[in-house]
Amino acid sequence: MSGIMGGLLSSYSIDTPATLVYNLDAAVLGGRPSTTITTSASFNGTSQRLSTTGLLATGTGTSATGTNMSTGDFTWECWVRPTASTGYQTFIDTRGSKTGYSAVDTDGIYFGLDNNTLYPVYWQSTALITSSIAVTLNAWTHVAVVRNSGTTTLYVGGVSGGTYADSLDLSAPYVNIGGNTIGDYLTGQISNLRMIKGTAVYTTAFTPPTTTLRAIAGTNLLMPLMASPFMDLSVNVLPIVNTGTVATTTQAPSLTTGTTDVTNTYTLTSSIPLATFTGSSTGTTLTVASGLTGTVTLGMTITGGSIPAGTYIVSQLTGTTGSTGTYTISASVTQTSTSITGARVNWFGSQGGIFSNYFSGDGIGAYITGGPNIGAATRYTVMMAYQLIGTSNYGRLLNSNTASPDWLMGGYSSYPKAWFSNGVTINLSGATKDTVWHIDFVTFTRTVGNIYSSTSAQPTSTPTYTNTSSTISGFNQLKLYSKSDGNECAAGNIGMVKVWTGVLSTAQMQAEYNAYKARFGY
């Protein structure tokens with residue numbers, strides 16, 4: 001890649017291309033680290049499918065390669081939960097004649113259920129493998145097809161259901177999920193779908209993964225399928241077309257989110273106050289009655305019974321601070337005594353998955369941290385999608401060091417999109433305090449930091465602000481929401497954070513923005 005824009009182009013033309021090194025995305029971390037996922041994609045069996053069809057199937061990300069499996073090793077896998085056994089039911093179909101890429105079947109594969117059965121098949125123009133093991137109706141099953149040194153194995157629940165001596169050239173780049181262009185619609189749910197080129201992940205019987213999948217080397221398509229709008233989180237960031245409005249449902253396999261970022265490189269940790277208790281509510285008054293574990297804190301989102309999603313604690317009315325007593329909550333609801341759980345940072349299915357924190361202020365640490373250590377002599381790019389909640393004075397949605405940051409982006413002194421460097425702040429929205437989604441980029445060229453701020457328009461070749469400072473350095477990991485001492489805690493939503501070593505070109509930033517903009521309402 002050839003440096004950044006404008007007058008700096010020639011200065012950095014010999015630098016190596018930008019490399020994605022960190023990707024924290026709420027779409028794959030369906031909760032805080034190590035929590036259980038609760039949702040998946042649901043297909044109605046008559047008209048719904050997801051696809052990467054169209055000329056953009058080669059991808060829009062910074063390292064786009066498409067989904068062509070060629071003649072080498074590969075791994076396709078997902079969790080499926082069929083709720084009917086009628087007709088052919090697609091998990092994955094790449095055949096050109098069934099995806100709109102070509103007029104033939106011989107350039108791809110149908111992986112799904114055989115006609116009117118619960119037995120998976122590996123099928124081209126005819127069945128090449130018909131599994132001897134069926135999936136279970138109304139239950140989650142891990143399924144996979146793996147080509148390893150010319151032999152393809154179809155696995156059901158980690159056990160081989162059959163093999164095929166396979167030299168097929170799977171050249172078609174388009175993918176259909178849950179159906180294809182002639183129908184073959186799935187009735188049921190799919191979760192955590194991954195397609196890997198060049199690697200046979202499973203070469204013998206295995207225990208299916210117990211955590212959500214990650215984008216390991218060679219991953220050409222990664223779809224957690226936990227919340228709409230559904231995205232590809234591989235480096236390709238393939239555009240996904242949702243035909244018939246595939247929706248989110250409260251069904252999910254028994255998977256936890258794990259503790260690593262999407263690249264499976266960096267371990268995430270969190271300091272998020274939690275509480276469980278027996279309680280009830282009348283109107284906007286919550287009573288914490290008994291059985292309290294943990295501490296009840298302001299801004300804690302509560303779930304249980306019929307309490308609406310996103311309901312959080314506004315203030316304490318009576319009782320010992322953080323303990324039994326009564327509290328004001330943000331929604332009016334009548335709920336009899338039930339088990340209630342509260343957490344300071346929560347996951348919601350909006351925008352394909354976001355982390356949300358309703359508390360802004362000092363004194364209660366609530367953060368997610370982890371990521372690369374970027375040296376002072378390293379060129380880098382950071383991308384972030386975020387939304388402030390309210391216009392309080394606090395808001396460190398991302399800061400670079402554990403206590404005293406070299407810089408931050410997100411919120412600062414009530415304003416969105418602020419850059420902080422060595423005591424210098426820039427409020428990118430001027431005098432405006434907004435609460436809309438922002439997709440912003442920060443680039444650092446070793447001496448100059450640029451901010452490319454995007455809402456409804458993609459980043460342009462001229463940055464919103466340029467902060468020239470020879471003392472801007474790298475950073476030590478990333479911290480979302482607050483400093484390690486619990487101060488300056490932000491109220492806001494975070495969808496994703498990416499880090500590249502190297503500076504993205506304008507075209508690359510625009511490609512990343514275009515890949516994510518629909519998810520965040522643009």
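The values are calculated or read from the model by the stated rules, or taken from the named source; none is laboratory data. Computed from a predicted model, the values in this text were never measured in an experiment. Here the Cβ positions follow ideal geometry from the backbone for every residue, glycine too, while neighbour counts run over all protein chains shown.
Kindly indicate whether any position in region 152-168 is charged (D, E, K, R), in contact with a Ser or Thr (Cβ under 7 Å, 6 or more places away or on another chain), at pLDDT below 95 and surrounded by fewer than 24 Cβ atoms within 10 Å (Cβ to Cβ).
no
Of everything in region 490-522, what is within 19 Å of Gly449 (Cβ to Cβ) and in a loop (DSSP other than H, G, I, E, B)? Give them in sequence order.
Gly502, Val503, Leu504, Ser505
Kindly indicate which of Ala205, Ala247 is under 18 Å from the mean Cα position of the chain (by Cα) and surrounded by fewer than 17 Cβ atoms within 10 Å (Cβ to Cβ).
None of the others qualify; the one that does is Ala247.
Scan region 163-185 residue by residue and report those that are assigned to a loop (DSSP other than H, G, I, E, B) and more than 25 Å from the chain's Cα centre (by Cα).
Of everything in region 163-185, those that are assigned to a loop (DSSP other than H, G, I, E, B) and more than 25 Å from the chain's Cα centre (by Cα) turn out to be Asp166, Ser167, Leu168, Asp169, Ser171, Ala172, Thr181, Ile182, Asp184, Tyr185.
Quick check on my filter: what residues within region 94-125 are out of contact with any Phe, Trp or Tyr (no Cβ under 8 Å at 6 or more places or on another chain) and at pLDDT 95 or above?
Asn116, Thr117, Leu118, Tyr119, listed by residue number.
Name the one entry in Gly72, Gly54 that is over 24 Å from Gly188 (Cα atoms), surrounded by fewer than 18 Cβ atoms within 10 Å (Cβ to Cβ) and at pLDDT 90 or above.
After applying the criteria, what remains is Gly72.
Filter region 376-395 for residues that are in a loop (DSSP other than H, G, I, E, B) and at pLDDT 80 or above; which is surrounded by the most Cβ atoms within 10 Å (Cβ to Cβ)?
Filtering first and then ranking leaves Arg379.
Where residues in region 208-244 are small (Gly, Ala, Ser) and touching a residue at least 40 places away in the same chain (Cβ under 8 Å), which of them is surrounded by the fewest Cβ atoms within 10 Å (Cβ to Cβ)?
Among them, the one singled out is Gly244.
Could you list, ordered by first residue, the pairs with Cβ atoms under 8 Å in which the first is in region 140-156 and free of Cβ contacts under 8 Å to residues at least 12 places away in the same chain and the second is assigned to a strand (DSSP E or B) and surrounded by 23 or more Cβ atoms within 10 Å (Cβ to Cβ), at least 6 apart or interchain?
No pair meets every condition.
Among Ser125, Ser132, Ser85, Ser97, which is in a loop (DSSP other than H, G, I, E, B), among the small types (Gly, Ala, Ser) and crowded, with 16+ Cβ neighbours inside 10 Å?
Ser85
Just a yes or no: is a residue in region 238-251 assigned to a loop (DSSP other than H, G, I, E, B), polar (S, T, N, Q) and at negative phi?
yes
Identify, please: which residue in region 436-452 is buried (at least 22 other Cβ atoms within 10 Å of the Cβ) and polar (S, T, N, Q) and is, among those, farthest from Leu478 (Cα to Cα)?
Asn450
I'm checking my understanding of the structure. Among residues of region 144-162 that are on the phi < 0 side of the Ramachandran plot and among the small types (Gly, Ala, Ser), which one is nearest to the chain's Cα centre (by Cα)?
Ala144
Return the only residue of Thr297, Thr219, Thr293, Thr211 being more than 21 Å from the chain's Cα centre (by Cα) and either hydrophobic (A, V, I, L, M, F, W, C) or modelled with pLDDT of 90 or more (or both).
The conditions single out Thr293.
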